[in-house]
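Quick note: the coordinates plus some simple rules give every number you see, no bench work behind them. Model, not experiment: these values are computed from the prediction. Positions of Cβ are generated from backbone atoms using ideal geometry, with glycine treated the same way; all protein chains shown enter the neighbour counts.
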Amino acid sequence: MTFNQMRHAKLWFAGEAGNWKLARYEVDELGEGFDDVVRYHPTHKDSPVPLGPSVEKIIREPLAEVGRAVAAGDRARFEKAFDALTDGCNRCHQATNFGFNVVQRPSTNAFSNQAFAPPANSGTPGPDAR
Ligand code: HEC
């Protein structure tokens with residue numbers, strides 16, 4: 001889950017910087033992270049509900065919508081979809097007895113060793129790229 005926290009933060013900064021290729025990558029990594037939850041951690045000892053079905057029910061569609069916003073290079077749609085995704089994270093935490101663990105839009109970038117703006121040679125920028 002710590003990896004997903006990192007992906008969630010990087011996804012935000014990539015989208016805000018208009019680096020849609022990096023954002024696409026983080027969406028894919030988040031999807032794989034949740035695949036691993038389904039495969040390797042389908043249950044949790046403190047959770048009243050199994051995690052696997054919760055992933056499918058709560059997070060797949062919001063994540064897919066983030067992917068569509070990224071594909072469209074649409075910043076406003078991305079922000080809305082990101083907030084809905086974050087809401088999904090929190091709904092699953094509540095469902096699994098981890099409601100004390102609240103995630104939110106990141107405010108400061110903890111990854112100062114990574115550039116989030118698209119590199120100059122990154123090909124055709126999305127419509128919303130700076
Ligand atoms: C399937 C339900 C589920 C979904 C969906 C989910 N989480 Fe979690 N999350 C958990 C559970 C259960 C734990 C505590 C389990 C553990 O790591 O021991 C947890 C723990 C965490 C932690 C605590 C890690 C720590 O050590 O402080 C963070 C941060 C976190 N999740 C972020 C996220 C983010 C960000 C998303 C959405 C992108 C997300 N989670 C989606 C169930 C979920």
ask   = If you bin every alpha carbon distance in the chain into 5 Å steps from zero, what whole percent lands in each bin?
value = 2, 11, 21, 23, 18, 12, 7, 4, 1, 0
query = Where does helix 60-72 land angle-wise versus the long Cα axis of the chain, in degrees 0 to 90, nearest 10?
reply = 0 degrees
Sequence of Val55, Val37 once ranked by neighbouring C-beta atoms within 10 Å, starting from the fewest = Val37, Val55
query = Cα gyration tensor of the stretch 69-128, axes a ≥ b ≥ c as square roots of the eigenvalues: rounded (a/c below 1.5), prolate (a/b > b/c) or oblate?
reply = oblate
key: Stretch gain in nm, segment Glu79-Ala120, where the contour uses 0.36 nm per residue and the Cα spacing is subtracted   = 12.4 nm
inquiry  = I need the phi-derived Karplus couplings for the stretch 13-20: 6.51 cos²θ - 1.76 cosθ + 1.60, θ = phi - 60°, integer Hz, Gly and Pro marked x.
reply    = 5, 5, x, 5, 8, x, 8, 5
query = Using a simple spin-label model with points 7 Å from Cα along the Cα→Cβ vector, what separation in nm is obtained for Gln5 and Asn101?
reply = 0.8 nm
